[in-house]
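Peer 1: Here's a structure for you.
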Amino acid sequence: VQLQASGGGLVRPGDSLRLSCAASGRTLSRETVGWFRQAPGKERGFVAAIRYNGHTYYDDLVKGRFTISRDNAENTVYLQMDRLSPEDTADYYCASSRSVILPSIRTAAQYSTWGQGTLVTVSS
């Protein structure tokens, strides 16, 4: 499977963006899909994930502001980001795996397939 992340851009604090992670070569419906982000000078960190059964998981920093969802018909996973702040500035990556175990769903190493990053910049 190949993943294509898109939707990043330059926005102002308080604005919203929706990132997309489109898959080709295999259906995402049976996979766990996660979003991670990496800011300059920092390690890649977990943002959100959605399992094959629709259960969702969020980092505490984005809970209540970001929403992950999936459209199986479009073979795409979305990350709706609301009330963005400069601290959300980063490259955002989507990743997938069929074998992520729940206790490690926030661990990047659990994901076998990665898309390229899409840059989100929040600045006034």
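Peer 1: Counting only heavy atoms of protein chains, what accessible area per residue, in Å², does the chain have with a probe of 1.4 Å?
Peer 2: Accessible area per residue, the chain: 51 Å².
Peer 1: What are the residues whose amide H is under 5 Å from the amide H of GLY9, where those residues sit 5 or more places off or on another chain and H is modelled from the backbone?
Peer 2: Result for GLY9 returns VAL120, THR121.
Peer 1: Here is a further query. When N is the residue count of the chain, what does its C-alpha Rg come to as a fraction of 2.2 N^0.38 Å?
Peer 2: 0.97
Peer 1: I'd like the carbon and sulfur percentage of the solvent accessible area for the chain, probe radius 1.4 Å, heavy atoms only, ligands and nucleic acids excluded.
Peer 2: Whole-percent figure for carbon plus sulfur exposure: 45.
Peer 1: Mind listing which GluC sites (Glu not before Pro) in region 1-85 are in a DSSP loop and have 12 or fewer other Cβ atoms within 10 Å?
Peer 2: Here the GluC sites (Glu not before Pro) that fit, given the DSSP loop and packing criteria, are GLU43, GLU74.
Peer 1: Between ARG18, ARG26, ARG51, where does the largest GNM mean-square fluctuation fall for the chain, given springs only between Cα atoms within less than 10 Å?
Peer 2: Highest fluctuation of the listed residues: ARG26.
Peer 1: Considering only VAL47, SER29, THR67, whose Cα is most displaced toward the positive end of the charge dipole of the chain, charges sitting on Cβ of Lys, Arg (+1) and Asp, Glu (-1)?
Peer 2: Farthest along the dipole direction, towards plus: SER29.
Peer 1: Choose one answer from GLY34, GLY54, GLY25: the residue with the largest mean-square fluctuation in a GNM of the chain with alpha-carbon springs under 10 Å.
Peer 2: Highest fluctuation among the options: GLY25.
Peer 1: Here's another thing I want to ask about it. If you add up the charges near ILE50, with Lys and Arg at +1 and Asp and Glu at -1, over every other residue whose beta carbon is less than 15 angstrom from its beta carbon, what do you get?
Peer 2: Neighbourhood net charge equals +3.
Peer 1: Each residue of region 87-94 in turn: what ³J(HN,Hα) in whole Hz from Karplus with 6.51, -1.76, 1.60 and θ = phi - 60°, glycine and Pro shown as x?
Peer 2: Calculated HN-Hα couplings, in order: 5, 8, 4, 4, 7, 10, 10, 9 Hz.
Peer 1: Given Cα pairs under 8 Å that are at least 6 residues apart, what percent is the relative contact order of the chain?
Peer 2: 36
Peer 1: Quick one: Karplus J couplings for region 110-120, per residue in order, coefficients 6.51, -1.76, 1.60, θ = phi - 60°, nearest Hz, x for Gly and Pro?
Peer 2: Per-residue couplings from phi come out as 6, 9, 9, 10, 10, x, 6, x, 10, 7, 10 Hz.
Peer 1: From the phi of every residue in region 21-31, what ³J(HN,Hα) in whole Hz does the Karplus formula 6.51 cos²θ - 1.76 cosθ + 1.60 yield, where θ is phi - 60° and glycine or proline is x?
Peer 2: Each residue's phi maps through the Karplus curve to give 10, 9, 10, 9, x, 6, 6, 8, 4, 9, 10 Hz.
Peer 1: Compare THR67, THR113, THR89 in a GNM of the chain, Cα atoms joined below 10 Å, and give the one with the largest fluctuation.
Peer 2: THR113
The values are calculated or read from the model by the stated rules, or taken from the named source; none is laboratory data. All values derive from a computational prediction rather than experimental measurement. Positions of Cβ are generated from backbone atoms using ideal geometry, with glycine treated the same way; all protein chains shown enter the neighbour counts. Each accessible area value is taken on the protein alone, full model and side chains, heavy atoms only, with ligands, DNA and RNA left out. Shrake-Rupley method; radii C 1.70, N 1.55, O 1.52, S 1.80 Å.
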